[in-house]
Amino acid sequence: MLGGEGHGLLTADGSFQGRNVSVGGGYGLFNLGYLFRPASGLRVYPLLGLGGGGLQLDIENAGTADDFDDVLDNPNRSASVGQASFLVSLGGGLEYQFGTPGEGRTARLGLRAGYMVSALRSDWQLGDSALAGGPDASMQGPFLRLTIGGISDSDDE
């Protein structure tokens, strides 16, 4: 099996000490696996994923500037800091197909589980400068994914 996947991290914005704060991120993986078919309709596979991802923290002043000179007088209005990681995903999955392909409607139910390792991680960055003392945050951890799909082989459409 060869494939890829991408994920995005969406969070709610918040406020802290008079500033607007938001966190975002995402990652992409190239996956390599081997498909076993131990029974009719059943697929089982180990999966290895390699890729990269990142997190970004945006901090903005909740106030507004009235004109350009206000920004020049107080340029400390916002900051965007980020961190990048090399990721390794180890896991496996199983899928079961209900029905027979080519004989009408079929459905597939699958489950994938594993662990994502942040093998290498950069320091938090502000522009080209590394920042010490940042939070210990990454995309690392266990995962569980449910897959639901269906196929219609109807010639009526």
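The values are calculated or read from the model by the stated rules, or taken from the named source; none is laboratory data. The structure presented is a predicted model; accordingly, all values stated were derived computationally and were not measured. Cβ placement follows ideal geometry from the backbone for every residue including glycine, while neighbour counts extend to all protein chains displayed. All accessible areas refer to the heavy atoms of the entire protein, side chains included, with ligands and DNA or RNA removed. Shrake-Rupley method; radii C 1.70, N 1.55, O 1.52, S 1.80 Å.
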Would you check which residues across region 9-36 are among the aromatic types (Phe, Trp, Tyr) and under 30 Å from Leu47 (Cβ atoms) and list them?
Tyr27, Phe30, Tyr34, Phe36
Per the filter on region 2-17, residues on the phi < 0 side of the Ramachandran plot and open to solvent by 70 Å² or more (accessible area, probe 1.4 Å) are Leu2, Leu10, Ala12, Asp13, Ser15, Phe16
Which one of these does Leu90 not meet: (1) more than 23 Å from Val23 (Cα to Cα); (2) in a strand (DSSP E or B); (3) of a type outside the set (Ser, Thr, Tyr); (4) open to solvent by less than 60 Å² (accessible area, probe 1.4 Å)?
(4)
Gly133 passes all but one of (1) closer than 18 Å to Gly53 by Cα; (2) out of contact with any Phe, Trp or Tyr (no Cβ under 8 Å at 6 or more places or on another chain); (3) part of a loop (DSSP other than H, G, I, E, B); which number fails?
(1)
What's the number of the only condition in (1) surrounded by fewer than 15 Cβ atoms within 10 Å (Cβ to Cβ); (2) within 28 Å of Ala12 (Cβ to Cβ); (3) modelled with pLDDT of 85 or more; (4) among the aliphatic types (A, V, I, L, M) that Ala65 fails to meet?
(3)
When region 18-52 is examined, which residues are found to be in a strand (DSSP E or B), open to solvent by 70 Å² or more (accessible area, probe 1.4 Å) and under 26 Å from Gly99 (Cβ atoms)?
Phe36, Arg37, Pro38
Can you pull out every residue in region 98-124 that is assigned to a strand (DSSP E or B) and open to solvent by 60 Å² or more (accessible area, probe 1.4 Å)?
Phe98, Arg108, Leu109, Leu111, Tyr115, Leu120, Arg121
